[in-house]
Each structure stands twice: as structure tokens, then as C-alpha cells.
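A quick write-up on the structure given underneath.
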Amino acid sequence: MASKRLATTATAALLSTLGTIGTVACAASSGESAPAAGSTVNSTVNSTLSGPSASPLSSSAADTRARPGAPGIGDSDFPTDGNGGYDVDHYLLKLGYTPSAKHLAGTARIEARATQHLASFNLDLSGFTVSRVTVDGRPARFDRAGSELTVTPAESIPNDATFAVDVTYAGEPKPVRNSSNLGTYGFIPTQDGAFVTGQPNGAKTWFPSNDHPADKARYDFELTVPAGLTALANGELVGEPKTAGGRTTFRWRESHPMASYLATMTLGRFEVLQGKTPGGLKNLAAVDPIFRGSLRRLYDVSGKVTDYWSTLFGPYPFSSTGGVVDDFPAGYALENQTKPMYGGFAPDEDIIAHELAHQWFGDSLSIKRWKDLWLNEGFATYAEWLWSEHEGRATTEQLFRRHYAAAVGDPIWSYAPGRARPEDLFNNSVYTRGGMTLHALRQRIGDQAFFKLLKQWVATHKYGSVTTPEFIAMAEKISGKNLEALFDAWLFTAEKPSTW
Ligand code: ARG
Ligand code: ZN
């Protein structure tokens, strides 16, 4: 959760809103919800044996028979998160939201590839009334149970085939509240719109998805909101926003793979500053009007931090940087891809440095399973220390020593950060002891190997998925040292490490 030092607001400066808006007819999503019952479709599911190479005589025929995809992606700490049997390539979210009615309605198109012969498959979706589901344009049967939406297409989907699912739905989004120590997350209605932060599994509160970071996809958003409001999503605005009939549609595109928890459609009244970082990268900062005093500072600090990280971690992986401050008092920030969100506070330099480091560690490189969360949070915390040193404040060594001074009985030592616990995912140890682990590693292998490792880690796994053993293997390879004892002591032992 990064440090929660709340910054004092900087001087207010030039404010501009997301421009005047053209007047072209827009296809606002209808706000009507339809009957809930699953549509009835003749299902020929179990009678098909249409795998590409399936022969009724071959001994592997059983393997190619259509089966339901698993209801979870295989993360044993979060057994129903995500789903098996397919891999999403792209989401198109055409959604309309009316804050006064707290009503979200629209269609999600999911383009995916089957990884087995599918009789049916699941999507993750909480709440809403689903009125219609099609697969490749043909109506499909669907069933709801908890957060699982099971789709049974009219015909089974052969292994390796690509398919498109359209889910039409509507209702009042309900964020996840106070589930263990995660606070409130997901689609969170605010006074004038919504604050949308999905970590770890809140995408399901606003669109049907494979809601686990192990399945990354590209996104297009077409977001329709009452005229006068701004809808912000990941990536870049496509064309000018269009207003018709009192509603404005914003199209955004994130063309780089993204984990579902990083997707956002944060909307409301925003003051926006747009331009480029000193290094020439697109930069967009947006703040709720009550935080207008922090807009300029958010914009400037985000720009200089992004440029500095690019020199240390390698080229910025996405098409723009920036940040969004909204008035929902989340008490945390989230590294939403291209647009970190700050929930109810004016961010200081440390937390901006943290969330922007996540663009490399967490967003471009995503974890395959939540227990490796230190690969996100330990790195982003260490980045805060690097920023502090870079700015002439406390050095990484001083900060390491300060935290290492925690008494033997401090809870940071009884929680092994290399194994984040599902019931206490964002424990301080995952952040601070995770960061200390990197400093211990740096002391052991030296600056040259350490910074080479950071760059190579990022370049090798760009836009991909990673695990802790992969990081340890690369550290050993680059340093030529056996680091087993070091990582055991720092990541996997519930005791204060004594050596590094
Ligand atoms: N990854 C975020 C950060 O580092 C913390 C997100 C916390 N999420 C939550 N549901 N409480 O700053
Ligand atoms: Zn973080």
C-alpha cells in the first residue's frame, strides 16, 4: 500500500479540462435492463466431437472431448479467481454509467483463444443482470453462481480456436468491501462518478473477465457518461469525446497487455493537465476539483519520476504516464496501467515514485500468482528509496538500516515476504522487507550486477508474467553467485535475517 505520508498540496496552477467536446451522435449504451433468466438455446454441446485432429478411433480421442473450462485459473490461494480453458486476447468494454442512478449498463466483448476443447467456460462477474450472451454472434446459454458466469455456447469450441463472447448486462455496481484487510476496491461509486481500482480481484465488479493477472489482454473502452463529466481509462484517448443527447462518449485504448485489476473507468468531474514529460513521453494528470491544488505537482513529479525510472529500469513500457486523484478516501493508491490512481489524498513524491515504478514491476511484468506479490511491492518500495537518494534525501543504505533496526520481535520478521498470504496480501513485510531484500541482494552482488539485473529482468519479461524462482535464477546467473541462502533468509524465513 506504499507509504501513506500525505503530501501538502503544492501551489495551484494552470488548469484545463478535457476540452470542448464535439457534437456527433453517439451510441450510448441503453440503460434498460432485461429479464434475468438465461436465454434458452438448443445446446448441442455434448454431441460434438469437433476437435481439429480428433478421430473417434484414436486413443487420444478422450483428450479432445469437449469439457467445461475450470472455474479458477489455478492460483491455489484464490481458487475461484480467473478461469481455465481459454486465454483472453482483447476486451472491448462499451459501457454507460449514470451516477445519479448508480446504473452501469452495456456490453463487454471478450476475444479469446481456447486452450482446450471447451463445452463451456466461465467468466468472473459479480452482481448485475445479464440479459444476453452470444458466442461468435450466436446466442449462448448462461448460468450464474456467485461470481461465476458460466457460458455454454451452442457449439463446443475446439482447442486453439479463437472466439468472441458478447455479454450484455446492467445494474448497480457493488464494490468489494472490507474483505479481510483489502479495504474497498472494484467499481466504487462516488458523489460525481466512480473511482475504479481492481486489485486484487475487483474487475468482476464492473465487467465480465478472466479476473486474474496471469491472463493479460489488450483493452478498448467506449465509456458514455453524462455530459460535463470526464471518463478516464487506461492508455490513450481515441478521437475526440463525442456528445449527443446530453451524454458524452470517451474512447480509450490500452494497446499493451494489461492485467484485469489494472483496468479502470474512473469518471466524474476532473481538472486535467496534459503534455509531455521532459523526456518527451505523453503525460496526463487529472484531479477531482477538491484536489486542484495538487494537479500541477502531480503532473510535474510524475513526469520527472517516469523519465528517471526509464534510465534505471529501461524504456517506459507504455504509451503515456501520469496519474489521477479522486475524492474517494480509499487510503491507498493503485498502479493502474498508464494512470495510477490516488484515492482521496494528494500524493507525495514517494508514493508517486512507487506507483510509477509499478509500471515496470507489476504492470509490464505481472505476477503469475499472488504469493509472489513482493515482486511488485518490494520493487516499488525499493524504488521509493532509490528516488529518495536521487533527490538528495535519505540514501538507500540509510533507509535499509532504518528498517533493519526493527526489533527481533517486530511483526515484519514473522511474515516471510516471499510468500504473500491471501488473508494478508498487502502486509508491510511484502513491501518493506521485500524492499530490504533487494538492498541485501545489491550489497551482495554489487551495484553493477544489481542494476544490470533490474534492466535485464524488465527487458526479458516485458509485457509478460513472472515468478520468484525466475528472478532468483536470473540474479544467480548475472552475478555468478549462489544466492540460495540469501533469498531463503530474506524471503522465506519467519525470522530476522542476520546475514546478506
Ligand atoms: N498495489 C497498491 C500499492 O502498492 C495497493 C493496493 C491495495 N489494494 C487494496 N485493495 N487495498 O500501492
Ligand atoms: Zn505498490
**Message:** Restricting to the stretch 344-363, and then to whatever is touching a Gly at 6+ places or on another chain (Cβ under 8 Å) and among the small types (Gly, Ala, Ser), can you tell me which residue is farthest from PHE328 (Cα to Cα)?
**Reply:** ALA346
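Okay, residues lined up against (1) within 16 Å of ligand 2 (Cβ to nearest atom); (2) farther than 13 Å from LEU373 by Cα; (3) in contact with a Ser or Thr (Cβ under 8 Å, 6 or more places away or on another chain):
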{"position": "ASP424", "(1), (2), (3)": "yes, no, yes"}
{"position": "VAL430", "(1), (2), (3)": "yes, no, no"}
{"position": "TRP457", "(1), (2), (3)": "no, yes, no"}
{"position": "VAL466", "(1), (2), (3)": "yes, no, yes"}
{"position": "GLU476", "(1), (2), (3)": "no, yes, no"}
{"position": "ALA494", "(1), (2), (3)": "no, yes, yes"}
**Asked** What pairs can you find where one residue is in the stretch 299-310 and touching a residue at least 60 places away in the same chain (Cβ under 8 Å) and assigned to a helix (DSSP H, G or I), the other is crowded, with 19+ Cβ neighbours inside 10 Å and of a type in the set (Val, Ile, Thr), and their Cβ atoms are less than 6 Å apart, with a gap of 6+ or different chains?
**Response** VAL305/ILE352
**Request:** Return yes or no: is ALA194 in a loop (DSSP other than H, G, I, E, B) and crowded, with 17+ Cβ neighbours inside 10 Å?
**Result:** no
**Inter-residue pairs, beta-carbon under 6 Å, first within 12 Å of PRO173 (Cβ to Cβ) and hydroxyl-bearing (Ser, Thr, Tyr) and in the stretch 191-208, second more than 9 Å from ligand 1 (Cβ to nearest atom) and modelled with pLDDT of 95 or more, 6+ apart** = THR205/SER126; THR205/PRO173; THR205/PRO175; THR205/PHE187
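Conditions tested, residue by residue: (1) among the basic types (Lys, Arg); (2) assigned to a loop (DSSP other than H, G, I, E, B); (3) touching a Ser or Thr at 6+ places or on another chain (Cβ under 6 Å); (4) more than 17 Å from ASP363 (Cβ to Cβ).
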position: GLY183; (1), (2), (3), (4): no, yes, no, yes
position: ILE188; (1), (2), (3), (4): no, no, no, yes
position: GLN199; (1), (2), (3), (4): no, yes, no, no
position: LYS204; (1), (2), (3), (4): yes, no, yes, yes
position: PHE207; (1), (2), (3), (4): no, yes, no, yes
position: PRO213; (1), (2), (3), (4): no, yes, yes, no
position: TYR219; (1), (2), (3), (4): no, no, no, no
position: LEU223; (1), (2), (3), (4): no, no, no, yes
position: GLY228; (1), (2), (3), (4): no, yes, no, yes
**Request:** State which residue is surrounded by the fewest Cβ atoms within 10 Å (Cβ to Cβ) when the search covers only the stretch 346-358 and only residues that are part of a loop (DSSP other than H, G, I, E, B) and within 12 Å of ligand 1 (Cβ to nearest atom).
**Result:** HIS358
**Item:** Inter-residue pairs, beta-carbon under 6 Å, first more than 14 Å from ligand 2 (Cβ to nearest atom) and in the stretch 340-353, second part of a helix (DSSP H, G or I), 6+ apart
**Value:** ALA346/PHE291; ALA346/SER294; GLU349/VAL301
**Request:** Could you run through the stretch 136-171 and say how many residues are closer than 20 Å to SER260 by Cα and either in contact with a Cys (Cβ under 6 Å, 6 or more places away or on another chain) or part of a loop (DSSP other than H, G, I, E, B) (or both)?
**Result:** 2
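The values are calculated or read from the model by the stated rules, or taken from the named source; none is laboratory data. Just so it is clear, the structure is predicted and the values come from calculations on it, not from any experiment. A quick note on method: Cβ atoms are made from the backbone with ideal geometry, for glycine too, and the neighbour counts reach across all protein chains shown.
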